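See below for the structure under consideration.
The values are calculated or read from the model by the stated rules, or taken from the named source; none is laboratory data. Everything quoted here is computed from the prediction, not taken from an experiment. Ideal geometry is used to build each Cβ from the backbone, glycine not excepted, and the neighbour counts take in all protein chains shown.
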2 protein chains.
Amino acid sequence: MNKPSSPSLPLVGDVSGFPEYLPQQQRGFEHAVGIIRGVYESFGFVPLETSRVERTETLLAKGIASKEVYGLRRLNVEDGEDGSKDVALRFDLTVPMARYVVQNQGQLVFPFRRYQIQPVWRGERPKAGRYRQFYQCDIDTIGDGSLPITADAEAIACAYGALKALGVGAFGMRVNNRKLLSGLLAWAGFAEAQPAIKLIDDAEKIGWEKTAALLAGLAAGAKVEALIAVLRAPAPLEAIPADAGVDDALAELRTVITQARTMAGLKDGDTSIRPDLIIARGLDYYTGTVVETTLAAAPELGSICSGGRYENLAASLGKKAFPGVGLSIGLSRLLSWLLLQEPYASLPLSPANVVVACQDPTLMMHYAEVAALLRNDGIATEMALGGALGTQLKNADKKGIRFAVIIGQAEFDAQTAVVKDLQAGTQNVAPLDTLGATLGKLLKA
Amino acid sequence: MNKPSSPSLPLVGDVSGFPEYLPQQQRGFEHAVGIIRGVYESFGFVPLETSRVERTETLLAKGIASKEVYGLRRLNVEDGEDGSKDVALRFDLTVPMARYVVQNQGQLVFPFRRYQIQPVWRGERPKAGRYRQFYQCDIDTIGDGSLPITADAEAIACAYGALKALGVGAFGMRVNNRKLLSGLLAWAGFAEAQPAIKLIDDAEKIGWEKTAALLAGLAAGAKVEALIAVLRAPAPLEAIPADAGVDDALAELRTVITQARTMAGLKDGDTSIRPDLIIARGLDYYTGTVVETTLAAAPELGSICSGGRYENLAASLGKKAFPGVGLSIGLSRLLSWLLLQEPYASLPLSPANVVVACQDPTLMMHYAEVAALLRNDGIATEMALGGALGTQLKNADKKGIRFAVIIGQAEFDAQTAVVKDLQAGTQNVAPLDTLGATLGKLLKA
């Protein structure tokens, strides 16, 4: 696939791979997180945090390469006891969530819907949009013993809603089903599905010609060409041969997509949520629905929202089955592009709407009173701390603060204030005792 | 000081010292963070995040015991390069902030007000309310070269506003000034202030009798009794002897307290913000204002909001002076008590206000449409995924969801829905096309 490259957000930070935002970027980050939270909560997902630190054995049980895991060590353990030696920073939010659910199952209400917007750590080589410390935004729904397929549709619709609300432009959530893919592989003559699934997962990166050759190498006599023709058909669900024996899996995929499209409010012809049989996902633990998402405007980001159904993720941790389905937005990577777009790129730097200027330092107590008064009226208000009035107003404007309240001795004596619109450059005199109401009206206008 | 002990929040978690909240507690945590953010932003503080990981040398330069720092290590470095060996998890938010300001000074608008609500890590022995991973909520204002004393008052008023808004009951913010304390120590005959300051900082823990003896051991012939009489006087500022030579520092402390009280809107007689000459703070880098805060209802927590003025924190990192003042709420410790209080202890578990019940699984597509409709009207709506209707409603009620929308075949045919108030037990039939409006009204009532 020929990926056009768009500019990537320049980041600061002191340690390679551990980026930091400048204040303007941070405002964009907070804005995005607020939007995602709002959508996740509108579906009834509850916020959760797990410890950043897990037992190393919990993490390594899930097949991650150990070189990608950051262990902890105490720098200088004088008492000889290094309580940190068997713990490490988590590399995703799914494995810790599964551990949490098994440990606290008696105190949770199932199905348990949780969201988690937090950083994870991986010791990978950093490059554009790929960091060693990055945010993921996960939703997962976990059932106690069983979980209806509607949960899969809901996760897709919820993530769709979040991406839509973020304003990322056109995007495609491509949905497949592992059982369907395994069935088609069996039909094509592959005795074992997993190795072929890993190859199909890489196909868009390495090209289909090479993938076809590698698939042919896996199973002599397999119907590789016929398989690929089905997987890549323009209307793949209709291209599935009647003798493939995948009717149940196909019905499941159709249900998930139809329900998800309905919950997302998609119109006919909108392909934002659609079936795509080449979607495989590398991870072993997926057992049904699998999803990947690419942006039309920034395909070079790869999948910015992925996940699927897992029946047995927590099985190694306890006796009971806790089937789940989850999707994760790769927030740091998404923001490496999104923070360069509007409105993120030009959000006001300050959360304050008003600055109380300091025209005369001897009136500081009066300014403090006025600022307290405005905050009491629900108006976020910054106090200028001193310096030349012109610089104060220039800095406030630079920070996106719209109005300045300017009070000199004359205004103090008259119990008034000059209210200046820093964007328009206009100003008016307003009585002090209704200043909050005056500014409230101006901010609404 | 005789500290009564109140019950401490029981926490879960897989690794000792790295606690996790149950969903109910997490809701309380989120509620508290939302309140603090709101107050911090109303003063114009901007959100900031720094990397969780810092160069080890940056951290150790600031005098923390190295055994309290968690370094990182790659578990299994196949390529021989362990890029993690000189980095460690931050132990506070102040040192990284100072590093960030120096590095990005050219791109910040000064005075730079930032807040940061994030975890830090310390390899301490865990006990009730003391964790190895815990949240701090910091505000700091940093000047470029100089910073007016009003910034100190503002930080105190802002933290006061946050604690007040959290509803922690009565509390006392005790304010002192390091220059004043050093001046009094000089007057009392101590050639060097810092060792005496450390003793005074510990006085409330070890008792004043023992402190007096230790102070006397520091400087032969020092006026220890006279000093302690001043420090502990009921009206300490009035008890300062005229010949102490601390007029400037005293004036500064008075200004900070008076301005802070005004900005906080305190009435005469309200001692929530008051001078206290025994407040010293252990850390070396404070140079002026110092603050500690204790709750009337939970003094055993110790200081839950502390900080002060530092003129030279960033001096070791660059050529320029960036004086600052900051306060930090020890959120994890505070919440170990606060989450047991109302309203935190009984917040609804789910952010959803409405559950669309699943009375008849064949109508699932209709339920999906109804849920989408309600969310479109701004109503957070959970879908029940199946199971017995009674269990669905019981679980929704357990999660604090107020209303259930119940649709069977009869309602579907009539394009209506049964709206049930799960708290009151009452129910009504409502037409489907105005269901959002109906529920909107019920939720407002």
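For (1) in contact with a His (Cβ under 8 Å, 6 or more places away or on another chain); (2) touching a residue at least 24 places away in the same chain (Cβ under 8 Å), each residue gets a yes or a no:
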| site | (1), (2) |
| --- | --- |
| A:S336 | no, yes |
| A:E342 | no, no |
| A:P361 | no, yes |
| A:G378 | no, yes |
| A:L385 | no, yes |
| A:I407 | yes, yes |
| A:F412 | yes, yes |
| A:K420 | no, yes |
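Here is a yes/no grid of residues against (1) surrounded by 18 or more Cβ atoms within 10 Å (Cβ to Cβ); (2) more than 30 Å from B:F43 (Cα to Cα); (3) at pLDDT below 95:
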site: B:L163; (1), (2), (3): yes, no, no
site: B:F171; (1), (2), (3): yes, no, no
site: B:R174; (1), (2), (3): yes, no, no
site: B:A203; (1), (2), (3): yes, yes, yes
site: B:I206; (1), (2), (3): no, yes, yes
site: B:A212; (1), (2), (3): no, yes, no
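Mind listing whichever residues of the stretch B:283-307 are in contact (Cβ under 8 Å) with a residue 40 or more places away in the chain, among the small types (G, A, S) and out of contact with any Lys or Arg (no Cβ under 6 Å at 6 or more places or on another chain)?
B:A296, B:A297, B:A298, B:G307
Can you pull out the residues in the stretch A:350-405 that are assigned to a loop (DSSP other than H, G, I, E, B), under 36 Å from the mean Cα position of the chain (by Cα) and acidic (D, E)?
The one that is assigned to a loop (DSSP other than H, G, I, E, B), under 36 Å from the mean Cα position of the chain (by Cα) and acidic (D, E): A:D377.
(1) within 30 Å of A:A298 (Cα to Cα); (2) in contact with a strand residue (DSSP E or B) (Cβ under 9 Å, 6 or more places away or on another chain): which one isn't true of A:G129, the others all being true?
(2)
Yes or no: B:D360 more than 25 Å from A:V256 (Cα to Cα) and either in contact with an Asp or Glu (Cβ under 9 Å, 6 or more places away or on another chain) or of a type outside the set (F, W, Y) (or both)?
no
When the residues of the stretch B:367-377 are filtered to those that are out of contact with any Gly (no Cβ under 8 Å at 6 or more places or on another chain) and within 9 Å of another protein chain (Cβ to nearest Cβ), which remaining residue is surrounded by the fewest Cβ atoms within 10 Å (Cβ to Cβ)? Lay out the reasoning, then the answer.
Of all residues in the stretch B:367-377, those out of contact with any Gly (no Cβ under 8 Å at 6 or more places or on another chain) come to B:367-371.
Next cut, within 9 Å of another protein chain (Cβ to nearest Cβ) only: B:367-369, B:371.
Details: B:Y367: 25, B:A368: 24, B:E369: 17, B:A371: 27.
It comes out as B:E369.
I need a count of the residues in the stretch A:100-157 that are part of a strand (DSSP E or B) and farther than 20 Å from A:V39 by Cβ.
Within the stretch A:100-157, residues that are part of a strand (DSSP E or B) and farther than 20 Å from A:V39 by Cβ number 7.
Test each condition in (1) in contact with a strand residue (DSSP E or B) (Cβ under 6 Å, 6 or more places away or on another chain); (2) under 19 Å from B:E369 (Cβ atoms) for B:T434 and report the one that comes out false.
Among (1) in contact with a strand residue (DSSP E or B) (Cβ under 6 Å, 6 or more places away or on another chain); (2) under 19 Å from B:E369 (Cβ atoms), the lone unmet condition for B:T434 is (1).
Please specify each residue of the stretch B:70-90 satisfying the condition of being at the interface with chain A (Cβ under 8 Å from one of its Cβ atoms), in contact with a Ser or Thr (Cβ under 7 Å, 6 or more places away or on another chain) and at pLDDT 75 or above.
B:Y70, B:G71, B:L72, B:R73, B:R74, B:L75, B:V87, B:A88 - these are the residues of the stretch B:70-90 that are at the interface with chain A (Cβ under 8 Å from one of its Cβ atoms), in contact with a Ser or Thr (Cβ under 7 Å, 6 or more places away or on another chain) and at pLDDT 75 or above.
Name, by its number, the condition in (1) more than 30 Å from B:Y70 (Cα to Cα); (2) at pLDDT 95 or above that does not hold for B:A159.
Of everything listed in (1) more than 30 Å from B:Y70 (Cα to Cα); (2) at pLDDT 95 or above, B:A159 misses just condition (1).
May I ask you to list the residues in the stretch A:103-124 that are of a type in the set (K, R) and touching a residue at least 60 places away in the same chain (Cβ under 8 Å)?
Hits for the stretch A:103-124 are A:R113, A:R114.
Every residue in the stretch A:378-430 that is more than 10 Å from chain B (Cβ to nearest Cβ), of a type in the set (D, E) and either crowded, with 22+ Cβ neighbours inside 10 Å or in contact with a strand residue (DSSP E or B) (Cβ under 8 Å, 6 or more places away or on another chain) (or both), please.
Across the stretch A:378-430, the qualifying residues are A:E411, A:D421.
Residue check: is A:G326 more than 30 Å from B:T262 (Cβ to Cβ), touching an Asp or Glu at 6+ places or on another chain (Cβ under 8 Å), assigned to a strand (DSSP E or B) and not aromatic (F, W, Y)? Reasoning before the result, please.
Values: more than 30 Å from B:T262 (Cβ to Cβ): yes; touching an Asp or Glu at 6+ places or on another chain (Cβ under 8 Å): yes; assigned to a strand (DSSP E or B): yes; not aromatic (F, W, Y): yes.
It is true that A:G326 is more than 30 Å from B:T262 (Cβ to Cβ), touching an Asp or Glu at 6+ places or on another chain (Cβ under 8 Å), assigned to a strand (DSSP E or B) and not aromatic (F, W, Y).
Where residues in the stretch B:124-169 are within 30 Å of A:V87 (Cβ to Cβ) and among the hydrophobic types (A, V, I, L, M, F, W, C), which of them is farthest from the other protein chains (Cβ to nearest Cβ)?
Among those that are within 30 Å of A:V87 (Cβ to Cβ) and among the hydrophobic types (A, V, I, L, M, F, W, C), it is B:A128.
Out of the stretch B:91-123, which residues are more than 19 Å from A:Y21 (Cβ to Cβ) and at the interface with chain A (Cβ under 10 Å from one of its Cβ atoms)?
B:P111, B:W121, B:G123
Which one is surrounded by the most Cβ atoms within 10 Å (Cβ to Cβ), of the residues in the stretch A:3-42 that are within 30 Å of B:V356 (Cβ to Cβ) and facing chain B (nearest Cβ under 7 Å)?
A:S42
Can you tell me which residue within the stretch B:284-306, out of those that are within 23 Å of B:L147 (Cβ to Cβ), out of contact with any Ser or Thr (no Cβ under 9 Å at 6 or more places or on another chain) and of a type outside the set (F, W, Y), is surrounded by the most Cβ atoms within 10 Å (Cβ to Cβ)?
B:T289
Could you list, in sequence order, all residues of the stretch A:1-39 that are polar (S, T, N, Q), modelled with pLDDT of 85 or more and not in a helix (DSSP H, G or I)?
Let us first name the residues in the stretch A:1-39 that are polar (S, T, N, Q), namely A:2, A:5-6, A:8, A:16, A:24-26.
Keeping just the survivors that are modelled with pLDDT of 85 or more gives A:16, A:24-26.
Correct list: A:S16 only.
Within the stretch B:279-297, count every residue that is modelled with pLDDT of 95 or more and out of contact with any strand residue (DSSP E or B) (no Cβ under 7 Å at 6 or more places or on another chain).
Residues in the stretch B:279-297 being modelled with pLDDT of 95 or more and out of contact with any strand residue (DSSP E or B) (no Cβ under 7 Å at 6 or more places or on another chain): 1 in total.
Suppose we filter the stretch A:355-365 for residues that are more than 9 Å from chain B (Cβ to nearest Cβ) and not acidic (D, E); how many remain?
Final tally of qualifying residues: 5.
Restricting the search to the stretch A:158-194, which residues are more than 13 Å from the chain's Cα centre (by Cα), in a helix (DSSP H, G or I) and basic (K, R)?
Within the stretch A:158-194, A:R178, A:K179 qualify.
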